[in-house]
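Q: Structure in structure tokens, see below.
Please treat every number below as a calculation from the coordinates, not as lab data. If you're wondering where the values come from, they're calculated on a predicted model, not measured in any experiment. Cβ placement follows ideal geometry from the backbone for every residue including glycine, while neighbour counts extend to all protein chains displayed.
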Amino acid sequence: MPGWSGQLEKIDEYRWRIPKSAKAGMRVDGLIYADEKMLHQILEDKATEQVANVAFLPGIVGYSMAMPDIHWGYGFAIGGVAATRVSDGVISPGGVGFDINCGVRLMRTNLTVEEVRPHLNKLADAIFNDVPSGLGSKGNIKLNSREMEEVLIKGSRWAVNNGYGRKEDLLTTEEKGEIPGADPDRVSARAKERGNPQLGTLGSGNHFLEVAYIDEIYEPEIAQVMGLDHVGQVVLYVHCGSRGLGYQVADDYIKEMIRAMQKYGIEVPDRQLACAPVTSPEGQAYLGAMRCAANYAWANRQCITHWVREAFCRVMEMGEAKAGLELVYDVTHNIAKIEEHEVEGKKVKLCVHRKGATRAFPAGHPDVPPQYAKIGQPILIPGDMGRFSYVLVGTEQAMKETFGSTCHGAGRLQSRSAAKRNISGREVLEALDAKGITVRAGSLSGLAEEASESYKDVNDVVGVVQGAGISNKVARTRPIAVIKG
Amino acid sequence: MKRFELIEHTADIGLNAYGKDLPEAFANAAYGMFSIIDEVDNVREVETRRVEVSADDIEGLLFEWLNSLLYYFDVEMLLFKKFDIIEFGDTRMVANCRGEKYDSSRHQIKHGVKSATYHTLEVDRKENRVRVIFDI
């Protein structure tokens, strides 16, 4: 696999510039956030080329950026951030990806790891059984076409109104789990058909449910505001997205955009970057459909949250009030958002594409929930299943530099087949067991592909975003049970 | 001749599929995709679906063809293994696809394929070869 041999300039310890001159057609420079050690690995695959390709998008401002968890994707690199002017720029479905609003949420509990560990096997079984996961799993929810439309418009609120979760959950979900501007008429019948049996399912691949505990707190006062009180406190993660509905929306609109590019005379170096002006009928139709898929994903995580709570309380033999299980936050890491940012001293409306990147708004930003107004938006960074995950907060520096964005995870290091050559699913299971991590997985070979060794060390990734000042570390967690599709 | 070969990708999986002509390469790409999803050998040929797809060009046709088969998997839980291409042109193709419904007691799912992507997608008419990267 040929890597990047083009131009690259070191800006400082954490920033590397791909100058516009590296590839004819780039409208802005590329910017990679990484330390020297990570950079060597990043340059080995096609991710850097993809950062350069994204810089071709009409109306792009600032830099075509890549977070330290960057790896080779399709079209955009995973870990990519690109903002385009709404007035004369484009929107690209490839800059969001197929799993629209794939995201993560975190719940806190009132229990300690010592209290939960004796029940871990039962807990993992209960969650694995209650939440449909894996390919070929069908959800427990049946929707008629009117209900589907409601899911697409109301997102998490639909779920809460139908008994899945708590009203307060909405307050601590990005966009309150209900992004405005969703237009179900822009979602094809095929997409709705695919999404219908899958609402309330985890899916497969890197999607997971995790029981973890706080292993280190870096900012006690900030952590306290999030209800993350002490080392040893048990927390739960949910990571999944919009399932077949989102994939079909992406498929439909990539085709639409390829046609639109001819119409608007746009050229890009990779068809997967197909795009259309944000304000064009095609751009607006995609936005309307993408927001539906985003709302579907929020409803999906909300339903799953409800079943995880039920399973947890049943196994621990306690009520929800005693268990806690409050939603700390829910972030999306595959989305395009219309946001206002400062560009060259002026407030400008931008379309911010985050493809495997998380929003990272600072304290005081109007889109940060009131309870977090003083600390900034919580950011959830799941690592791999054998090591750590992080809770961070957004910063002013992110607002100035990355359109309020940061990394989204550890980022893959090696291919799936390389992972399987190096380790078997059985060995992964044993290694995790030795670390005190209980695993339930639909597929053993799938587990091998998700081995810790396949991922970058999330400590390094978070070290870079902290070092660069675009996020601040609040707490770190360690897994004790992982449920995978 | 090899029907297909997998391409290594950091996060996803791709394939090159071959044939004596393009329709066969398209059929082998579909076979390769289902080999990524499950153990194709365990799938019986008991159900048939006539799949008709059209697109603006041959690359679009490959994208549409593979994604249409994924749609059948999501909606009807159908795993295909045999693809008889009845009609084939640059912008339209018709195929009879044979396979069976997913049965968790007999079928081992290996990967969820979210979609075929356009990233480095290629239809090589001279070599009767197609290349596609899937989002896993």
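Q: Using a cut-off of 15 Å between beta-carbons, work out the net charge of the residues near A:ASN161 (Lys and Arg +1, Asp and Glu -1, A:ASN161 not included). Let's see the in-between values first.
A: Details: positive: A:ARG146, A:LYS154, A:ARG157, A:ARG166, A:LYS167, A:LYS176; negative: A:GLU147, A:GLU149, A:GLU150, A:GLU168, A:ASP169, A:GLU178.
It works out to a net charge of 0.
Q: Which of the trypsin sites (Lys or Arg not before Pro) found in the stretch A:258-308 are loop residues per DSSP with 10 or fewer other Cβ atoms within 10 Å of their Cβ?
A: On the way: sites: A:ARG259, A:LYS263, A:ARG271, A:ARG291, A:ARG301; in loops: none.
Answer in residue order: no site qualifies.
Q: Please compute the modelled spin-label separation between B:GLU122 and B:GLU47, points set 7 Å along Cα→Cβ, answer in nm with one decimal.
A: 3.5 nm
Q: At most 12 other Cβ atoms within 10 Å and a DSSP loop assignment: could you name the trypsin sites (Lys or Arg not before Pro) in the stretch B:60-108 that fit?
A: B:ARG106
Q: Distance between Cα centroids, the stretch B:1-60 to the stretch A:261-303: provide it in whole Å.
A: Each part's Cα centre sits 27 Å from the other's.
Q: Quick check: net charge around A:SER417, other residues with Cβ under 15 Å of its Cβ, Lys/Arg +1 and Asp/Glu -1? Intermediate results must be reported in sequence, preceding the final value.
A: Details: positive: A:ARG412, A:ARG416, A:LYS420, A:ARG421, B:LYS110; negative: A:ASP45, A:GLU449, A:GLU450, A:GLU453, B:GLU5, B:GLU8, B:ASP12.
Every neighbour counted, the sum reads -2.
Q: Here's another thing I want to ask about it. Loop only by DSSP, 10 or fewer other Cβ within 10 Å of the Cβ. Give me the trypsin sites (Lys or Arg not before Pro) in the stretch A:352-412 that pass, ordered by residue number. Mind showing how you got there, number by number?
A: Working: sites: A:ARG354, A:LYS355, A:ARG359, A:LYS374, A:ARG387, A:LYS400, A:ARG412; in loops: A:LYS374, A:ARG387.
Sites meeting the loop and neighbour criteria: none at all.
Q: Within a Cβ distance under 14 Å of A:SER454, other residues only, what is the Lys/Arg minus Asp/Glu net charge?
A: Around A:SER454, the charge tally is -3.
Q: Between B:ASP84 and A:GLU430, what is the spin-label point distance in nm, taking each point 7 Å from the Cα along the Cα→C-beta axis?
A: Simple spin-label model gives 4.8 nm for this pair.
Q: Could I ask something else about it? Cα gyration tensor of the stretch B:26-135, axes a ≥ b ≥ c as square roots of the eigenvalues: rounded (a/c below 1.5), prolate (a/b > b/c) or oblate? Intermediate values should be presented prior to the final figure.
A: Details: a/c = 1.96, a/b = 1.52, b/c = 1.29.
Prolate, since a/c reaches 1.5 and a/b exceeds b/c.
Q: Could you work out the relative contact order of chain A? I mean the mean sequence separation of Cα pairs under 8 Å and 6+ apart, divided by the number of residues, in percent.
A: 21 percent
Q: Taking Cα pairs under 8 Å and at least six residues apart, what relative contact order does chain B come out at, in percent? Let's see the in-between values first.
A: Working: 289 pairs, mean separation 42.3, N = 136.
Reported relative contact order: 31 percent.
Q: How big is the gap, in Å, between the Cα center of the stretch A:397-418 and the Cα center of the stretch A:34-111?
A: So the separation of the two Cα centres works out to 7 Å.
Q: How well do other chains shield peptide A:74-85, expressed as the mean number of their Cβ atoms within 10 Å of each residue Cβ?
A: On the way: counts 15, 5, 1, 2, 3, 0, 0, 0, 0, 0, 0, 0.
Counting Cβ atoms of other protein chains within 10 Å of each residue's Cβ and averaging gives 2.
Q: In nm, give the distance between the simple-model label positions of A:LEU171 and A:ASN110, each being 7 Å from the Cα along the Cα-to-Cβ direction.
A: It is 1.8 nm.
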